[in-house]
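Below is one structure; the comments refer to it alone.
The values are calculated or read from the model by the stated rules, or taken from the named source; none is laboratory data. The structure presented is a predicted model; accordingly, all values stated were derived computationally and were not measured. Cβ: placed from backbone, ideal geometry, glycine included. Neighbour counts: every protein chain shown.
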Amino acid sequence: MVQTVPDPRRWKALALLCGAFFMVILDSAIVVVALPSIESDLGFAPGDLQGVLSAYALTVGGLLLLGGRSADLLGRRRMFMVGLALFTVASLLCGLAWSPAALIAARVFQGVGAAILTPTALSIVMTTFEEGPERNKTLGIWGSLGGVGGTAGWLIGGPLTEASWEWIFLINVPIGVAALVVAPRLLRESRAVVRRRGFDPAGALSATAALVMLVYAVVEAPKAGWGDPQTLGLLLGAAVLFGVFAVIESRVAEPLLPLRILRSWTLAGANLTMLLFSTIAFGMPFILTLYAQQVLGYSAVKFGLTSIVFPIGAAVAAIIGQSLVLKIGFRAVAATGITLLGLACLYLTQVSAGGNYFGDIFVGLLLFGPGVGFTFVTCSIAALAGIPERDAGLASGLSNTSFQIGAAVGTAIVSTAAVSRSSDVIASGGDALGALVASHQAGFLAAVVLAGVALLAALLLLRRPAGPASDNPPLVPVGERVGD
């Protein structure tokens with residue numbers, strides 16, 4: 001039997017899927033707040049603390065594509081529950097970690113869960129809601145969670161860390177268990193209809209290795225240097241492996257990434273724009289957090305509370321943006337969002353040593369929130385527009401991979417600009433505070449440049465699709481197929 005009517009449980013299912021996504025986003029932001037406490041409690045060496053973040057980023061970035069494709073082939077509800085279970089157990093292990101090595105290992109485990117959970121949840125949204133206004137509305141809700149989850153991490157992380165840093169991880173456990181209990185009741189199982197199932201191990205290995213090399217190169221670049229042999233060697237290795245991956249995908253019967261999907265101009269443009277957008281969405285807040293705490297003397301809790309205008313703006317713009325996409329197209333909405341991001345970063349280049357919230361930060365946040373909402377929801381919709389349902393998990397994995405790689409690249413670029421500027425000021429005889437402020441100004445300026453590149457990509461590459469793909473096969477509930 002083929003599903004012909006909307007699932008009456010779809011809005012409850014959306015609440016569950018958004019809750020799981022919110023948990024992952026919240027976890028990514030909340031860890032940053034707790035790093036100083038983790039460092040002192042577990043005895044991290046100063047150079048090793050970055051491993052708490054990079055171990056997770058490397059795993060997620062490397063496995064998202066495989067996680068999304070696994071959902072298409074093995075069943076989306078099944079893989080959602082697998083990812084959720086892994087993330088929940090890993091969160092418990094993180095909270096119980098007794099040494100730096102134990103925490104980093106648990107973060108890798110947590111990254112595996114997130115790499116399965118995130119694209120699978122988005123692919124279930126795509127296959128539950130038909131393309132058009134209803135799906136756009138759900139993606140608007142989905143997109144708004146990105147900004148809300150990130151800032152909620154700042155708000156919640158401070159009090160939890162003051163109680164005990166372990167709670168930033170343990171808070172995920174009851175949420176994950178509750179979600180696992182209700183998931184079978186709310187989510188309908190589905191998978192792609194294919195002639196035969198295959199996981200393309202050679203393609204999976206080469207793609208994962210290439211992504212891990214790329215992410216590791218940009219994460220370590222600010223410390224090692226962009227011209228360092230380590231960085232150049234890793235980038236070259238990643239490029240070679242991506243070439244090997246393309247050759248493999250063109251020859252295997254059941255590729256991990258069917259190259260036909262890349263012939264969609266809309267999908268390619270959406271993913272490139274998503275990557276560039278993510279560089280700004282992560283790069284600017286990274287520098288702003290440092291400025292607020294290092295120069296203005298804000299605590300993590302105070303910064304979170306005073307930044308509430310950002311998630312509100314992101315949420316409102318995401319909801320408005322999903323309806324505007326149907327009326328004026330991807331290009332106009334994304335360009336508007338990226339322009340707001342660029343203006344926000346440009347405004348923040350004037351931060352000063354004697355600054356204050358309303359004079360130096362507020363306007364930047366006021367512009368940045370809507371910019372995030374408009375751009376993220378547009379790229380999310382464009383990345384899934386016209387995609388056959390059999391490729392829903394794959395398209396979701398691609399979009400999330402672009403987002404994660406952009407986050408790593410953006411943080412690395414603004415960090416490099418900031419460190420370089422600080423060194424120049426110190427070398428020319430400047431004082432420590434002046435060098436610190438100059439480094440933050442340079443980081444914001446780098447984000448302005450990234451916004452300019454992103455705007456160019458959106459204007460040139462984002463187009464309104466001709467319509468849903470004509471070869472969309474029906475969504476076949478697994479439990480209703482003969483032989484399952």
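A compact table of results
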item	result
Criterion (among the aliphatic types (A, V, I, L, M), more than 27 Å from G452 (Cβ to Cβ), in the same structural domain as P285 (by TED's automatic domain parsing) and not in a helix (DSSP H, G or I)) met by exactly one of I426, I387	I387
Residue among V24, V31, V60 that alone is of a type in the set (V, I, T), under 18 Å from I156 (Cα atoms), modelled with pLDDT of 80 or more and in contact with a helix residue (DSSP H, G or I) (Cβ under 6 Å, 6 or more places away or on another chain)	V24
Some residue of region 78-85 being touching a Lys or Arg at 6+ places or on another chain (Cβ under 8 Å) and of a type in the set (K, R)	no
Residue check for R69: within 21 Å of Q404 (Cα to Cα), among the basic types (K, R) and modelled with pLDDT under 85	yes
Failed criterion for S307 (all others in (1) surrounded by fewer than 24 Cβ atoms within 10 Å (Cβ to Cβ); (2) more than 21 Å from A454 (Cβ to Cβ) hold)	(1)
Close pairs from region 56-76: first assigned to a loop (DSSP other than H, G, I, E, B), partner crowded, with 24+ Cβ neighbours inside 10 Å, Cβ under 6 Å, at least 6 apart	G75/R191
Answer from V372, V363 - the residue that is part of a helix (DSSP H, G or I), in contact with a helix residue (DSSP H, G or I) (Cβ under 7 Å, 6 or more places away or on another chain), farther than 18 Å from L450 by Cβ and not acidic (D, E)	V363
Candidate set: region 192-236, residues that are surrounded by 21 or more Cβ atoms within 10 Å (Cβ to Cβ) and polar (S, T, N, Q); chosen: the one modelled with the lowest pLDDT	T208
Residue pairs meeting the criteria (Cβ under 6 Å; at least 6 apart or on separate chains; first over 19 Å from Q404 (Cβ atoms) and in contact (Cβ under 8 Å) with a residue 24 or more places away in the chain, in region 253-277; second surrounded by fewer than 24 Cβ atoms within 10 Å (Cβ to Cβ) and among the small types (G, A, S))	E254/G198
Segments classed as helices (runs of 4 or more DSSP H), wholly inside region 218-308, with at least 2 members that are assigned by TED's automatic domain parsing to the domain that holds G51 and more than 30 Å from F330 (Cβ to Cβ)	265-290, 300-306
Conditions (1) surrounded by fewer than 18 Cβ atoms within 10 Å (Cβ to Cβ); (2) of a type in the set (S, T, Y); (3) closer than 16 Å to L455 by Cβ: number failed by T339	(1)
Given (1) at pLDDT 90 or above; (2) in a helix (DSSP H, G or I); (3) farther than 30 Å from L205 by Cα; (4) of a type outside the set (S, T, Y), index of the condition V351 fails	(2)
Hits in region 237-270 - residues which are modelled with pLDDT of 75 or more, within 22 Å of the chain's Cα centre (by Cα) and among the β-branched types (V, I, T)	T266
Filter pass, Y357 being within 28 Å of E162 (Cβ to Cβ), surrounded by 23 or more Cβ atoms within 10 Å (Cβ to Cβ) and assigned by TED's automatic domain parsing to the domain that holds R69	no
